[in-house]
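For reference, the structure discussed in these notes is given below.
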Amino acid sequence: MARGKFIVGTNFKMNGSRAFLQDLVENLNRADLDSNVEIFISPPSVHINHVRQNLRKDIAVGGQNCFWKSSGAYTGEISAEMLKDAGAEYVILGHTERRTLFKESDSHIGLKVASALAAGLKVIACIGETLSERESNTTLQVLFRQLQAIVDHIQDLNQEEKWKDVVIAYEPVWAIGTGRVATPKQAQEVHAAIRRRVEETVEGSVAEGMRIIYGGSVNLGNARQLAREKDVDGLFVGGASLKPEFVEICNVLRLGGEGNSDGSGDDDGGRK
Ligand SMILES: O=C(CO)COP(=O)(O)O
């Protein structure tokens with residue numbers, strides 16, 4: 001499976017009025033963006049439709065969560081089908097804020113991933129360790145446990161094809177919103193370990209083609225160094241995505257982050 005383009009995605013979280021998002025959309029619409037980078041933005045769900053209607057079509061729109069049922073008596077929830085109907089192409093699942101504040105378990109996230117893929121959405125599946133887990137040397141154990149729940153539920157779909165719609169986001173909890181970004185070396189080590197784990201646990205040639213993106217205090221100052229790492233296939237941006245520097249982060253490959261060797265999405269093994 002060929003690896004797709006380098007991705008820069010946003011997680012706006014619970015931020016952004018319609019007017020604020022309209023300004024942001026207009027900025028992106030005017031911007032000279034690198035066509036070698038795939039971009040998605042994820043406004044709060046009530047604004048997805050508005051953003052989709054007004055945003056240039058070469059930028060995808062994503063949701064930040066969905067429930068695993070298609071419809072029914074689940075007050076306050078939104079299904080993957082509803083996100084798709086509103087114009088979303090992506091959905092973020094398993095973000096640490098969902099795991100901790102809303103008590104989502106690994107298996108809840110697995111169910112959500114399966115339902116989103118079945119509905120035809122692409123998934124940004126987030127995994128990450130806390131600081132105490134890193135300090136007690138259980139980082140990979142934690143990540144592999146979170147990953148396994150996702151693997152199991154995709155396996156249940158019985159379609160290797162579905163993996164091409166899955167992007168893993170490595171988001172160390174200690175780096176989110178803290179200004180304490182992982183070093184490029186830390187990110188590379190973990191991304192390579194995740195890829196090896198997928199190689200060991202998923203049948204077929206999924207691992208080499210799978211995109212693994214990094215999130216946690218990404219900004220214009222650190223984006224280029226992170227993007228240079230061999231197994232960092234994209235950046236997932238929270239706070240900085242709400243600032244004007246986001247456009248420059250989208251153009252990180254032009255700044256000297258290397259990304260895919262030819263930008264075609266066809267990985268030639270010589271990338272980075
Ligand atoms: O949570 C994030 C992306 O999902 C990252 O947030 P920050 O970039 O604000 O650290």
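Details
- Working value for the chain: equivalent-ellipsoid semi-axes of 24, 24, 19 Å, each the square root of 5 times a Cα gyration tensor eigenvalue, largest first.
- Ellipsoid semi-axes in whole angstrom, largest first, where each is sqrt(5λ) of the Cα gyration tensor of region 1-94: 24, 17, 10
- The chain: most fluctuating residue of GLU189, GLU38, GLU135 per GNM, C-alpha cutoff 10 Å: GLU135
- Across every direction, the projection of the convex hull enclosing the Cα atoms of region 16-71 has a mean area of 4.6 nm².
- Assuming charge only on the beta carbon of Lys and Arg (+1) and of Asp and Glu (-1), the dipole of region 112-190 about its Cα centre is about 200 debye to the nearest 20.
- Cβ-placed point charges (K, R +1; D, E -1), dipole of the chain about Cα centre in debye, nearest 20: 580
- Remark: the THR138-ARG18 segment gains 39.0 nm on full extension, using 0.36 nm per residue and subtracting the alpha carbon distance.
- Here's the picture: charge each Lys and Arg Cβ at +1 and each Asp and Glu Cβ at -1 in region 166-238, and of GLY234, GLN188, GLY221 the one pushed furthest to the positive end of that dipole is GLY221.
- Most mobile of ILE59, ILE213, ILE249 in a GNM of the chain (Cα contacts under 10 Å): ILE59
- Here is the P(r) of region 142-251: all C-alpha pair distances, binned every 5 Å from 0, give 2, 12, 22, 22, 17, 12, 9, 3, 0 in whole percents.
- Think of the chain as having a plus end and a minus end, set by charges on the Cβ of Lys, Arg, Asp and Glu; of ASN15, SER42, ILE176, ASN15 sits farthest toward the positive end of this dipole.
- For the chain, with +1 on Lys and Arg beta carbons and -1 on Asp and Glu, the positive-most of LEU28, VAL166, THR201 along the dipole: LEU28
- With the Kirkwood sum run over all distinct C-alpha pairs, region 38-197 has a hydrodynamic radius of 16.4 Å.
Every number in this text was worked out from the coordinates using simple rules, so none of it is lab data. Everything numeric in this text was worked out from a predicted model, so none of it was measured. When we count neighbours, we look across all protein chains shown, and the Cβ atoms used for this are built from the backbone with ideal geometry, even at glycine.
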